[in-house]
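The next block holds one structure in the form of structure tokens; read it before the comments.
Bear in mind that the values in this text are calculations on the coordinates, not laboratory data. Predicted, not measured: the structure shown is a model, and the values here were computed from it. Ideal geometry is used to build each Cβ from the backbone, glycine not excepted, and the neighbour counts take in all protein chains shown.
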Amino acid sequence: MARLRSLGDRGGIAPFAVETAGMEIDEDLVRLESSPIPQGLHALFNGLERPRPDGEPPDAFIEELFHALKDDLGLQCVLVYAERRDGLEFRKQVGGHPDAPLEQLEATCPPVTLVLRHRVYIFADPNEPDSPPSCGILPYGASAGVVVGRRPHRHLLFFALDGGWERERVDFALNVLRAALGLQLLEERVRLNFRQVAEIQDNLLREAAPRLPGFEIAYRSIPAEEVGGDFCDFVHVAEDLVGFALGDASGHGLPAALLVRDIVTGLRMGLEKHLRMEYVFSKLNRVIHRSNVSSRYVSVFYGELESNGNLSYVNAGHQPPLLFRRDRVLELRTGGTVIGPFPQVSFRRGLVRLDPGAVLVLLTDGIVERRGSGQEFFGEERVKRLVQESHGAPAAHLLERILHAAIDHGQGRPWEDDMTLMVIRRPEE
């Protein structure tokens, strides 16, 4: 079976060799400027850019592709195969032909290896003497194969061509579509990974604030993206003792979310063993330092509050929580530096008391660094004033007032950074 050479063919590699990762663009593209462009190609690109329902498989686009280019390229049908561990599995057929497609293809089958090697491969009549074995994939007339995506998620498309097909038109269109479909597959996998991470993070962190006799606890966390680097977690230590953590990983989005997962898991494992919190933080720092680049770090505040009002805590480089008493405001700074950048860090434990009427406000810099119309930060002083003006208000009311004031300060714009806020109040007796 004689192979029809692509324009600018260099040892089997077709022009317009665009890879979705790395963006390798072949210089021979300029040779195609005078090549006839199929009329349906522009409509197909618009179809690729159109938002599609969640969970719609990538090969749902194939039917649109076939009908848009059927007459222009001379297509009889297209068979779609998806890569599996032990070969290729039939996924979809568009267009008709009397021969039923094979359900499985071996990766070592000659037509498959040729397409995988050259990415776009155009076959002539399989009845010619020098034709490689067809393996029963497309035993009728001329055909073309295209691979899209990257291992182990590649898709192979085999097109049956009618008698009126033209080499340059088919070669150009299939190379363009290979790049476009490869990009769509990549975007689908990225979106899926984000949804999975968001679900993991939601299951890991989203639980109701615990009950502690004599205290009110309220919190809210809003990520700037689908997943975030802020976290708020609770550790059930005992009936009269609640552990709580609030932190902020550097950056936001997926890298920050993965760092949050490691921090929360490490804290829970160490604290469940009833180890001293200072030791847990030192051990966690060593683990995070070894497993992440030094530019990644996370600030964490962890406290254990007893029903009698005693609070022991460690502040690992976090925005200092504000403890409002009748006569003054304390900043809870005792602890150490942020977790991650340094191999060896020691931490100290702080001790304070929440008397009746006291309010403890914990927040991340997404609130204090929210900018107004004049680029002015919302700032810590606004938080202090709001709490002091709301003396005697329940914890949930205080939280909502601070949150809405920050939203108004930013004129309702989306959050530039992840935002987490916690209010703990001990009502007056």
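General observations
- Length gained on full extension, GLU376 to ASP327, computed as 0.36 nm times the residue gap minus the Cα-Cα distance: 14.8 nm.
- Estimated FRET transfer efficiency when R0 is 51 angstrom, pair THR265-SER390 (beta carbons, to 0.05): 0.90
- Annotation: for a label point projected 7 angstrom from Cα along Cα→Cβ of ARG413, residues of segment 210-245 with backbone N closer than 16 Å are 224-225.
- Protection proxy ranking, peptides 276-287, 84-95, average beta carbon neighbours within 10 Å, highest first: 276-287, 84-95
- Gyration tensor (alpha-carbon) shape descriptor, segment 207-425, a/c threshold 1.5: oblate
- Once the Cα-Cα distance is subtracted from the 0.36 nm per residue extended length, the SER307 to HIS67 segment shows a gain of 79.4 nm.
- Sites GLN344 and ASP86, calculated FRET efficiency, Cβ-Cβ separation with R0 45 Å, nearest 0.05: 0.40
- Residues of segment 143-160 with amide N under 20 Å of a point placed 7 Å along Cα→Cβ from ASP99: 143-147, 156-160
- Pairs of alpha carbons in segment 256-354 separated by more than 20 Å make up 38% of all such pairs.
- Estimated inter-spin distance, GLU168 and ARG220, nm [label 7 Å along Cα→Cβ]: 6.3
- In percent, rounded to a whole number, the relative contact order of segment 207-425 is 25, using alpha-carbon pairs under 8 Å and six or more apart.
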